[in-house]
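What follows is a single structure, written as structure tokens, with notes after it.
FYI, it's all coordinate maths here, none of it is from the lab. Note that the structure is a prediction, hence the values are computed from the model and not measured. Don't worry about glycine lacking a Cβ; one is built from the backbone with ideal geometry, like all the others, and counts go over all protein chains shown.
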Amino acid sequence: AAAAAAAEPGLIIAEVTECAPHPMADKLTICQVDVGDGEPLRVVCGAPNVRAGLKVIFARVGVVVPSTGAKLAKTPLRGVMSEGMILSAAEMGWMPKAVGIIECPKKAPVGEPAPLDPPPDLAMADPAAKKKKSKDKDGKEKKEKKDKK
């Protein structure tokens, strides 16, 4: 019981059940997320690896995001209301930057509290970074050049 009390309320395992392109933004996806209480939530997500059937770490409205300490509000993202956030390893505070969201094991039970500790292999916490190896160097160089201006 002590471990449960220490965990922030609301960081849970959820399953993405549907994904649709955002009508106003190419890089955003509108997802239906099953949090285990019957009502799917609508979430706008910008991760390249989000897809239906994925188990994710989810923060509902009112939950504190570990890396920022900010409480999530129900916010429209490019005109579409988002009822929470699918977290990346960066938002969990496990790494400074992340390409995509954390992909939880398929057997992770929906609605259960999410793990607050990173996996032993941190590369597993940001699987989208692996898939983009070929583009990674170019992408990083471009970003660094922009930052210098």
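For the stretch 12-132, the residue among Val33, Val63, Ala129 whose Cα projects farthest onto the positive side of the dipole built from Cβ charges is Ala129.
Projecting label points 7 angstrom from Cα along Cα→Cβ for Lys130 and Lys107 puts them 1.8 nm apart. Taking Lys and Arg as +1 and Asp and Glu as -1, the other residues whose beta-carbon sits under 15 Å from that of Gly79 total +2.
Taking other residues whose beta carbon is less than 14 angstrom from the beta carbon of Leu41, and scoring Lys, Arg as +1 and Asp, Glu as -1, yields -3.
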